[in-house]
1. Taking 0.36 nm per residue of separation and subtracting the Cα-Cα distance, what length does fully extending M483 through D173 add?
2. What helices in the chain pass both tests, a Cα length along the helix axis of 18 Å or more and a mean Kyte hydropathy of -1.0 or higher, using whole DSSP H runs?
3. Sort 430-436, 86-92, 210-216 for me by packing, meaning the mean count of neighbouring Cβ atoms within 10 Å per residue, highest on top.
4. Could you pull out every residue, at least 5 positions away or on a different chain, whose amide H is within less than 5 Å of the one on L468? Hs are placed 1.01 Å off N in the peptide plane, and Pro or chain starts have none.
5. Quick one: grab the alpha carbon gyration tensor of the range 49-175, order the square roots of its eigenvalues as a ≥ b ≥ c, and give me rounded if a/c is under 1.5, else prolate or oblate depending on whether a/b is larger than b/c.
6. Nearest 500 deg cm²/dmol is fine: what mean residue ellipticity at 222 nm does the chain get from its DSSP H runs of n ≥ 4 alone, each adding -39,500 (n - 2.57), divided by its residue count?
7. Counting only C-alpha contacts under 8 Å and six or more residues apart, can you give the relative contact order of the range 363-492 as a whole percent?
8. For the range 56-121 and the range 142-207, what is the separation of their Cα centres, given in Å?
Amino acid sequence: MRDAINTTLPDKVALVEGDRVFTYAEVDSRVARFARGLLAGASDLDEARVAFLIPASVDYVTALHGIWRAGGIAIPLNVASAESEWEHCLTSTGVTRVIAGEPQLSAIRALCNRLSIDVNTVTDLLSDADSALPVVSTDRRALIVFTSGTTSKPKGVVTTHANVSAQISTLIDAWEWRADDVIPLFLPLHHVHGIINVLSCALCAGATVHAMPKLDLPTLCAQVAADTFSVFMAVPTIYVKLIDYLETLEDQDVEVICEGFANMRLNVSGSAACPVEVFGEWQQLTGQVLLERYGMTEIGMALSNPYEGERRAGYVGQPLPGVAVQLVEEEGGIVTEEGVPGEIRIKSPTVFLEYWGNAEATEASFSEGWFCTGDVAVIEDGYYRIMGRSSVDIIKSGGYKLSALEIENKLLAHPQIAEVAVVGIADRTWGEAVAAVVVRKGDGDMTLETLKAWCDGHLSSYKVPKQLRVVDALPRNAMGKVMKPSLKPLFE
C-alpha cells in the first residue's frame, strides 16, 4: 500500500518515539530497506503471511508497511497475549516468519523454534540493496487481524489493500484529518482502533504520531499540558483512568492538563460504549464533547457522530460516507421505523474479504451481500444507539471484544473447576468486566486471588476474571444450555 505513508512532506516529522524523531522521508526509506530485506532477492512475497510482535514504535511502522511493500500479508500480534494465543495465530494462518521487537524476541523465540518459524528483529532485515519492489494490486490481501467472535477460537479477519485504503480515506474525510495534526498512540496495535483510526490515518494525512509502547499517564498528561496534541483517541476505560488520575493531582495541575485537552480540536471515544456518566464528566472537566463512533474489525468504522454538529452521549451517530447500513429484525424484516431494534448490517468498500481459512464462517456472516454484525441498535431522532450484542457470549471490556467461550475453555483446565460460566458485568472503568461463576470439583476452597494466580500464563491479563462466584450448580434450560442472564444478578 504505497500511498499509506504520505510522501509529499518528506521533511515533516512523522513519528516521535521517546527522544527519537523520524521524518516522513526517513520512515519511507526505512520501510523500503526492510521490504528489500524481507524479499532477500525474491521479486514478490506473493501474500506470504508475516507476523510481527512489536509495540508502538518506528519498528512497528517499518514492519507493517514493509510487509505490505514487499507483497506480504501483515499479521500484528498482541504483545500482551499468552503464548498459546500467539501459537493459534501463527499456526492457523501458516506464518513463515515472525518479526519481533528486541524485548519481545526472548518471549516468542522458543515458540518460533518449536514451530520452525524464522524470527528476526527489524534491524536484522534492513537492507541496502537497490532492487525493485513489487507493484501490489489493491485487490490483494494486506492484513489479518484476529478477533474473538462467538466461537472459542479467534478468527483471522482478512482485509485487502483496497479495504484498508477505504477505511482510512473514510475517516480522514469524516474527521477532517490534516497534516498539522499531532496525536499520541498508546492503543493496542493488533486492533483496527490503533492500526487504522490512529496510526494509518495520521501517516496518510501527513500528521505526527507520538508512539508510546504503553500508557504512561503522568508523561501523557505532561505532554497534554504542553499543548503537544491536537487529536486524542482512546477507549472509555482510558478516559475513566484519566478522570481518576486527575482527582489525585493538585488543582493547578488539573487546570493546566484540562486546558490542554480543551485546546485540542477532537477527542474520540470508541471500541466500547462510553458510559453517559463518563461522557458528561469529560465534558465538564475539559469542555470536550467526545465523538463516539461504531466499528468492528470486519468493517472498519461504519457509524460516527459528526465532526461538525451535535454529538450525543450514548449514541454512535450516523452512517459514514460510503457506508450503507440497515437494521434487520429477528424475524428477518428490515426496520423502517425509528425506535424499532434490529441487527446492524453493513455494505461498504471497507468490509473485509474473508475469515482466513474459514469459508463456512465467512459465508455465515453475510446475508444477501450484507455483513451481519451481531450488534443490535435502534435509530432515535436520526442517530443510532447500540443496545448490545445479539449473543451473550461477547464481552466488551476495556476496548477488547472477548469471547466468553474461549475464557471458559481455558478455565475448565483448572484442576478445581468442574463447570464454569463467564459473563460480562457492568463496570465503570472497563465498560464490562469479566466475571466467572464456578462449580468446584470436590470440597477445596477457591478465591478470586487463587484463581487469578492460576490464570497467570494461561490467559492474557485482560481476560482474567475480575469477579468470582462459587455455586453448587449452574442454571440450565431443558436443552442443557447455561442460562447466563440469570447469573448476572449474582454480582449485583
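Every number in this text was worked out from the coordinates using simple rules, so none of it is lab data. Since we're looking at a predicted model, the values are computed, not measured. Methodologically, a virtual Cβ is constructed for each residue, glycine included, from the backbone with ideal geometry; neighbour enumeration extends over all protein chains shown.
1. Fully extending the segment from M483 to D173 adds 107.1 nm.
2. Sorted by number, the helices that extend far enough and score high enough are 24-39, 102-114, 161-174.
3. Packing order, densest peptide first, comes out as 430-436, 86-92, 210-216.
4. Residues meeting the criterion, in which the H sits 1.01 Å from N, are A436.
5. Cα axes put the range 49-175 in the oblate bin.
6. That calculation yields -8500 deg cm²/dmol at 222 nm.
7. Answer for the range 363-492 is 18 percent.
8. What the calculation gives is 18 Å, centre to centre.
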